[in-house]
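One structure is given here, and the rest of the page talks about it.
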Amino acid sequence: TGPRIENVRLESSYRNGTVKVFAQLRDFAPDQGYRLRLCVRDSDKVVQEVLSPVVRGNELKDGEFVFIHPWRPEKLWDIHTPENQYSVDVSLLDDGGGQLDTFWRQKWGFREFWIQGRDFYLNGSRIFLSAVPFDNAQVGAAWASYEGACETLRRLKSFGINFVYTHNYDCLPGSHLSFEEILRAADDMGMLVA
């Protein structure tokens, strides 16, 4: 099979103007050099292409490849601009530039939320939160679907809610449904989730 990317996570920092890329690698060789290539697209237009430094397999801790790239895009994801999302491809290359694997394309919005003192900030602007619990994953499969979550979030936004929180209390299999479609809907609808 050969070396492959098993998982990718992107962490944006508005304050630092950076993107941190985490990629979990499998079946890599300790003596081989590897690079990651990050390609960020806005629709079909490439807006950022980044090549990481070369890292040897024996330098990876538990197979995790991490690098930071300075970048703050023009379009930021926000509760008022949820359409500001990019598609991102992450490829694994050998140290000569040959492509070994590509992780499936992900949607991603550059944003950072933080607490400073008693205030909340999103992308450098102070934000006031109006929050309610979000129970779609506990109610049923139809409500945990993308369409069901969008419908609920649209209704909540119509009367000023901009933040929802989940509250499932255990991790036993079958206790609740997946949050994957709910989180995708929240990104597309402009809703903050905890």
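The values are calculated or read from the model by the stated rules, or taken from the named source; none is laboratory data. Please read these numbers as outputs of a predicted model, since none were measured by experiment. We place every Cβ from the backbone using ideal geometry, glycine too, and count neighbours over all the protein chains shown. Surface accessibility is based on the protein's heavy atoms, side chains included, excluding ligands, DNA and RNA. Shrake-Rupley method; radii C 1.70, N 1.55, O 1.52, S 1.80 Å.
Miscellaneous remarks
- Enumeration of residues in region 34-64 that are without any contact (Cβ under 8 Å) to a residue 60 or more places away in the chain, hydroxyl-bearing (Ser, Thr, Tyr) and open to solvent by less than 40 Å² (accessible area, probe 1.4 Å): SER52
- Condition check for SER87 on (1) open to solvent by 40 Å² or more (accessible area, probe 1.4 Å); (2) in contact with a Lys or Arg (Cβ under 7 Å, 6 or more places away or on another chain): one failure, at (1).
- Of all residues making up region 159-172, the number that are open to solvent by less than 90 Å² (accessible area, probe 1.4 Å) and without any contact (Cβ under 8 Å) to a residue 24 or more places away in the chain: 1
- Of GLY96, GLY117, all but one fail to be open to solvent by 40 Å² or more (accessible area, probe 1.4 Å), over 20 Å from the mean Cα position of the chain (by Cα), closer than 21 Å to GLY2 by Cβ and free of Cβ contacts under 8 Å to residues at least 24 places away in the same chain; the exception is GLY96.
- Here LEU76 clears all of (1) touching a Gly at 6+ places or on another chain (Cβ under 8 Å); (2) of a type in the set (A, V, I, L, M); (3) in contact (Cβ under 8 Å) with a residue 60 or more places away in the chain; (4) more than 18 Å from LYS20 (Cβ to Cβ) except the condition numbered (4).
- Selection of region 1-19 for residues being under 15 Å from GLY109 (Cβ atoms), open to solvent by 40 Å² or more (accessible area, probe 1.4 Å) and out of contact with any Lys or Arg (no Cβ under 6 Å at 6 or more places or on another chain) yields ARG9, TYR14.
- LEU60 being under 19 Å from the mean Cα position of the chain (by Cα) and either more than 27 Å from ALA186 (Cβ to Cβ) or among the hydrophobic types (A, V, I, L, M, F, W, C) (or both): no
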